[in-house]
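What follows draws every value from the coordinates through simple rules; no lab data is involved. Computed from a prediction, not measured in an experiment: that's the story for all the values here. A quick note on method: Cβ atoms are made from the backbone with ideal geometry, for glycine too, and the neighbour counts reach across all protein chains shown.
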Amino acid sequence: MSARTDPLIGTVLNDRYRIDAKIARGGMAMVYRGTDLRLDREIAIKVMHEHLISDETFVERFRREAINAGRLTHPNLVAIHDQSRDGDTVYLVMEHLPSVTLRRELKHRGTFTPRQAIVVLDAILAALEAVHSTGIIHRDLKPDNVLLGTDGQVKLADFGLARAVTTATTTKTLIGTVGYVAPELVTRAGADIRTDLYTVGIMFYEMLTGKQPYTDEVPIQVAYRHVHDSVPPPSDQITGLSPRLDALVLWATSKDPNDRPDDAAEFRLALAEARSEMSDTELDFGDPNVLPGEHSPALTASIDLGAEAPKEKRSRTDEIPYLDNDEEESETAAAADSDDSSDQDTGGGAGTAAAAGVAGAGAAAIGAAGAAAAATADDSGEPSDDASQDDTDHSDDESRDGKPDSVDKHAGAASAASAAAAGGAGGAGATGESGTEAAGASAAASAAPHRRRRRRLATTIGAALLVLALVAWLVIANLPAPTSIVPAQLAGKDIDKVSSQIENSGLEAQPKEVFDDTVPAGTVIGTDPVGGSELAPDSTVTVVVSKGEEMFAVPKLKGLSKDKAEDALNKADLKLGKVDEEYSDSVDKDTVISASKKSGDELSKDTKVDLVVSKGVKPTPVPNVEGLTFDAAYATLAKRGFRVGKDEVFSDDIPKGKVVSQWPKSSEAKPYDSLIIVRVSKGKEKKEESKDDKKDEKKKDEDKKKDSDKKDD
């Protein structure tokens, strides 16, 4: 059987946007990879499901998402380029980012290291700064709506539930994801930017521990815990996590919005302070592959984007269960009235019946909650793939017209619960009437009715006093211990002002000075514990104060060899700069003559220090002594610092006693005390005459004598 082809593949919308391939499916729309033919760029196209187009409620919310996101420009927000309609196709055009959802990456990894979780959280908070600055709250933050790119980019998506702060609804119909919902949304107390920060705190907890703080098959149970419980520290789940992380999570997830950070910028600053104060070991906690001196790698999408996304349960966006304190109190009062009316007669069975009626109503309510949970199941049963853009199945906040089937199922479940509760109460009333009749008959037959009434009254008063005493004891026992909160936003302030601020909060300030290259001396870098932490009164808060930039003294370098001078600079956290060489008559070769900085000067870390190193004595040109007498040549060479060597040779051309040649030649230069060899002439070499030469010489003499005698004659 062949796979069904998506008819939209290959379609060109409004003669501009070509749909190329399917990326992901959500309850409200399908996301495709496409091409903007006009600008020739890759895009993502979010197309609303065809069966929702006739519902103007969903079309309006689709349009609102484009308006809300389109007015925002930030590197950590998925950009919306266009929104339009082509016939029956309603669509958004968005930035395309090869990525996976944060939920899928977290499912793949199990947990993030604190360093990785802080990077993701910082990007989310940076995006929220931009969102909140325009007066919008997101209201549906969750890992499914955060994209993690293959290049490490983190982007926030899906503004289908975003609202202006001034128009945030407080009606009894609100949409969201129950695992991340803030208490004020459950009780319909109103929402503001701090509502998003509560959700961010829940996501931070999940990144550190791998699970949400509250989980249950029944959504109303999860909502109840968000309202009535305090989120536990992450270290309760993962032993060894830094207490600074605990403080951040508890601060953001405070039940009272007034106890949370004022805005994303304040929370982001506290996050940066905590990161700067944590060691590499704390930041890389949980990563067994990190070696000493290294840290965990940057967080990027580690899942094969071509792999099929596993079928798994997603965090569904749906109607948030509503808990009304007034309704809870009215139910309690009704039960008390029922007990009082039963006590007016002697029938103990009446009280039992009333209790049974309340229990029956409670059981009916639990059954209704289970039915509502079943109604929230996604009919399609198809989870979202890893996608460049995520989409979830939302319902409208303001209008009940055109509501999806899941909302109708909630209504049906609630009706069934009301009917069951009414039946339980009715049964209780019937039994109560029977008990009253029996009690009346018993009273008529009694011989001393007034005595029994007085005894019954005394018993009732005693029981009431006992209950009041028990309630008072419980209230006193559960009164919270007095606490002091560490002031926030202290970084960048003067130490004296910070100390006064901490002491005014009932705490003791303990300064701790550290070097910092960027923060001026005397300025506060952060505190331990971080701002927002709750402590017992008079507890000590460590205030980390900058001593300014750490300076390093220049060691003694003159007289050291070049290599030893470089070693000395490295040990002093300084660097070797430019090395010049020059001749020196007094400093040995390869020895430091001078440095650009004096010994003892204080410099910043890794500052470069230049050196001048000796090349030894400067070579002297060898003079030309050829033709001079040896004595003259010796004096000339010795005067210039050379040693002289003499070598006598015969020469037919150079007179005896004068220099015939020298080595090295006069065209060269030689160092001081070099040996110069001079060759001195011994004159012409005398040759021995042979016997024939002597005979010839004698014959010549005789011939000359004869010639002389003839002339005399």
Legend entry - Cross-link pairs LYS658/LYS684; LYS547/LYS597; LYS512/LYS556; LYS255/LYS497; LYS22/LYS46 - those with Cα-Cα distance over 21 Å: LYS547/LYS597; LYS512/LYS556; LYS255/LYS497
Inset, instruction - Sticking with the crude label model, points 7 Å out along Cα→Cβ, report the distance from THR187 to ASN624 in nm, one decimal please. - result: 11.0
Legend entry - Calculated from backbone phi, Karplus (6.51, -1.76, 1.60) coupling profile of the range 606-612 in Hz, x at Gly/Pro: 6, 5, 8, 10, 7, 10, 10
Legend entry - Long-range amide H partners of ALA29 with built H, under 5 Å: HIS49
Legend entry - In Hz, Karplus ³J(HN,Hα) per residue of the range 193-207 (6.51, -1.76, 1.60; θ = phi - 60°; x = Gly, Pro): 5, 6, 5, 5, 5, 4, 4, 4, x, 5, 5, 4, 4, 5, 5
Inset, instruction - Can you check how the C-alpha radius of gyration of the range 12-95 compares to 2.2 N^0.38 Å, as a plain ratio? - result: 1.04
Inset, instruction - May I ask you to list the residues of the range 521-559 whose amide nitrogen lies under 19 Å from a point 7 Å from Cα along the Cα→beta-carbon direction of ASP590? - result: 557-559
Inset, instruction - Calculate, for LYS608 and LEU39, the FRET efficiency according to 1/(1 + (r/R0)^6) with r their C-beta to C-beta distance and R0 45 Å; round to the nearest 0.05. - result: 0.40
Legend entry - Cβ-based exposure ranking for LEU197, LEU37, in which fewest neighbours within 10 Å come first: LEU37, LEU197
Inset, instruction - For ASP82, enumerate residues with amide H under 5 Å from its amide H, sequence gap 5+ or separate chain, H modeled in the peptide plane. - result: VAL93
Legend entry - Net length gained if the chain between LYS656 and LYS639 were fully extended (0.36 nm per residue, minus Cα distance): 3.7 nm
Inset, instruction - Would you order MET94, MET278 from fewest to most other beta-carbon atoms within 10 Å of each residue's own beta-carbon? - result: MET278, MET94
Legend entry - Pair SER505, SER133: separation of 7 Å Cα→Cβ label points (nm): 2.7
Inset, instruction - Return the tail of the calculated pair distribution for the range 484-546, meaning the percent of Cα-Cα pairs more than 19 Å apart. - result: 21
Inset, instruction - Based on other C-beta atoms within 10 Å, arrange VAL587, VAL530 from fewest to most. - result: VAL587, VAL530
Inset, instruction - For LYS704 and ALA632, calculate 0.36 nm times their separation in residues minus their Cα-Cα distance, and state this gained length in nm to one decimal. - result: 21.2 nm
Legend entry - Long-range HN-HN contacts of GLY645 with modeled amide H, under 5 Å: ILE676, ILE677, VAL678
Legend entry - Derived scalar couplings ³J(HN,Hα) [the range 114-123; Karplus, 6.51 cos²θ - 1.76 cosθ + 1.60; whole Hz; x for Gly, Pro]: x, 4, 5, 5, 5, 4, 5, 5, 4, 5
